[in-house]
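Visitor: Sharing a structure here in structure tokens format.
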Amino acid sequence: MANGFDPRATAAPKPAGLGRESVAYDAGLRSYMLSVYNYMASGVLLTGVVALLFARSGAAETILFGPGLLKYLIIFSPLAFVMVLSFGINRLSTGTAQLLFWAFATVMGLSMASIFFRYTGSSIALTFFATAAAFVSLSLYGYTTKRDLSGFGTFLIMGVVGLIVASLLNLFFQSPVLNLAISAIGVLIFAGLTAYDTQKIKSMYSYVAGTDMIGKTVILGALSLYLDFVNMFTFLLQFLGNRD
């Protein structure tokens, strides 16, 4: 019958605009995440180049391992940049946030030059590529998984606080066993944070898309992933690194 019920005939077609909006959202999300990864990777590259050049300059060993306040300025300056970017981002322009990110990556390079005096170049390279492979896999998991990872956030952040406390205590005890435990736990914590932060950065796009906050959010996202990568690399180096 012509007037009979036919679900194929009566199903309402999707509005054409809805499909276009979905495509535009997906394209915007890909562009946003690509910007985050580009900043993060460029920051890691800048840090590595600065660290290598500073280590070969002849002045690094004297500054980083000798007396004086300059070494403490180099060591603690990255923390100051992180604090300014994390807590002052709303008062910064996008351009200023970008400049602070590059300055942070540069100072981190000066600080990380010390690894070239402690480990062989081949073991540093091996650890870097191992960290890069792990980072890509974990970040891809965080980006694609349907599982909500937000429940792990508090646990992981508490783990970072515990690592800081344990590391400060080990400055006094100088225990090789405790140092090994800190390194093992550190690798696991920052591996988890890589997946967690990636998912959080991805979810932030829906809040900042089309606003003037998107540029700042890209910088904060790149900073989070940069810290995850560098910390995972540092802790893993204590396992894989061959000392000079």
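The values are calculated or read from the model by the stated rules, or taken from the named source; none is laboratory data. Predicted, not measured: the structure shown is a model, and the values here were computed from it. In this analysis, Cβ positions are derived from the backbone assuming ideal geometry, glycine residues included, and neighbour counts consider all displayed protein chains.
Visitor: State which residue pairs qualify: first residue closer than 19 Å to residue 199 by Cα and inside the stretch 149-166, second residue of a type in the set (D, E, K, R) and surrounded by fewer than 15 Cβ atoms within 10 Å (Cβ to Cβ) in any location, beta carbons under 8 Å apart, and separation of 6 or more residues or different chains.
Guide: Matching pairs, first to second residue: none at all.
Visitor: Go through the stretch 198-226 and count every residue that is crowded, with 24+ Cβ neighbours inside 10 Å and in contact with an Asp or Glu (Cβ under 8 Å, 6 or more places away or on another chain).
Guide: Residues flagged as crowded, with 24+ Cβ neighbours inside 10 Å and in contact with an Asp or Glu (Cβ under 8 Å, 6 or more places away or on another chain) within the stretch 198-226 amount to 2.
Visitor: Kindly indicate which of 117, 172 is at pLDDT below 95, in contact with a helix residue (DSSP H, G or I) (Cβ under 7 Å, 6 or more places away or on another chain) and of a type in the set (Phe, Trp, Tyr). Step through it out loud before you land on a result.
Guide: On the way: 172 fails: in contact with a helix residue (DSSP H, G or I) (Cβ under 7 Å, 6 or more places away or on another chain).
One residue alone meets the criteria, 117.
Visitor: Checking residue 55 against (1) in contact with an Asp or Glu (Cβ under 9 Å, 6 or more places away or on another chain); (2) surrounded by fewer than 12 Cβ atoms within 10 Å (Cβ to Cβ); (3) not polar (S, T, N, Q), only one condition comes out false. Which one?
Guide: Result: residue 55 fails condition (2) only.
Visitor: With the requirement that a residue be over 19 Å from the mean Cα position of the chain (by Cα) and surrounded by fewer than 18 Cβ atoms within 10 Å (Cβ to Cβ), what does the stretch 95-114 give you?
Guide: Hits for the stretch 95-114 are 95, 96.
Visitor: Can you confirm whether the stretch 129-147 contains a residue that is more than 20 Å from residue 193 (Cα to Cα), in a helix (DSSP H, G or I) and among the hydrophobic types (A, V, I, L, M, F, W, C)? Give the steps one after another, and end with the answer.
Guide: Narrowing the stretch 129-147 to residues more than 20 Å from residue 193 (Cα to Cα): none.
No, every residue in the stretch 129-147 fails to be more than 20 Å from residue 193 (Cα to Cα), in a helix (DSSP H, G or I) and among the hydrophobic types (A, V, I, L, M, F, W, C).
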